[in-house]
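Step one of this worksheet: look at the structure below.
Since every read-out is calculated from the coordinates, none of them should be taken as a lab result. Source: prediction; values computed, not measured. Every residue, glycine as well, gets a Cβ built from its backbone with ideal geometry; the counts of neighbours run over all protein chains shown.
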Amino acid sequence: MNEFMAQWLESVRFACEVQDVVCMRLARLAEGGPPAAKEAERMIAEKLDAFADAEVAMLRALADGEDLMAASERAYAPVRRRVHANHRRLMKAMA
């Protein structure tokens, strides 16, 4: 039960952090101008990179004989890192 609760809390934390990033990015895009264009380009490039890294991590886990749960956790790691990095960067920029 303890592991379930930890996973649930991580899901909630991640969802909140994702929502913050989306809101901050929308605010930057709404401002317009060169910073908005740069943020839009960055957003697209980062998504492609994050999902490519997630796919590689998942495939490596499966190739190493790990089960689907372990593979999904390894795939989640690069996405989580990027979301967290974006959250920090955007919070600093908004301050």
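For the stretch 57-95, the candidate set comprises residues that are of a type outside the set (Asp, Glu) and not in a helix (DSSP H, G or I); within that set, the residue that is nearest to Ala36 (Cα to Cα) is Ala95.
Reported count of residues in the stretch 1-21, each being loosely packed, with under 12 Cβ neighbours inside 10 Å and among the β-branched types (Val, Ile, Thr), is 1.
Of all the listed residues (Ala50, Ala45, Ala54, Ala30), the sole one being touching a helix residue (DSSP H, G or I) at 6+ places or on another chain (Cβ under 8 Å), exposed (fewer than 11 other Cβ atoms within 10 Å of the Cβ) and in a helix (DSSP H, G or I) is Ala30. Scanning the stretch 57-84 for residues that are surrounded by 14 or more Cβ atoms within 10 Å (Cβ to Cβ), over 19 Å from Phe14 (Cα atoms) and charged (D, E, K, R) returns a single hit, Glu66.
Residues in the stretch 10-61 that are closer than 17 Å to Val79 by Cβ and among the hydrophobic types (A, V, I, L, M, F, W, C): 20 in all.
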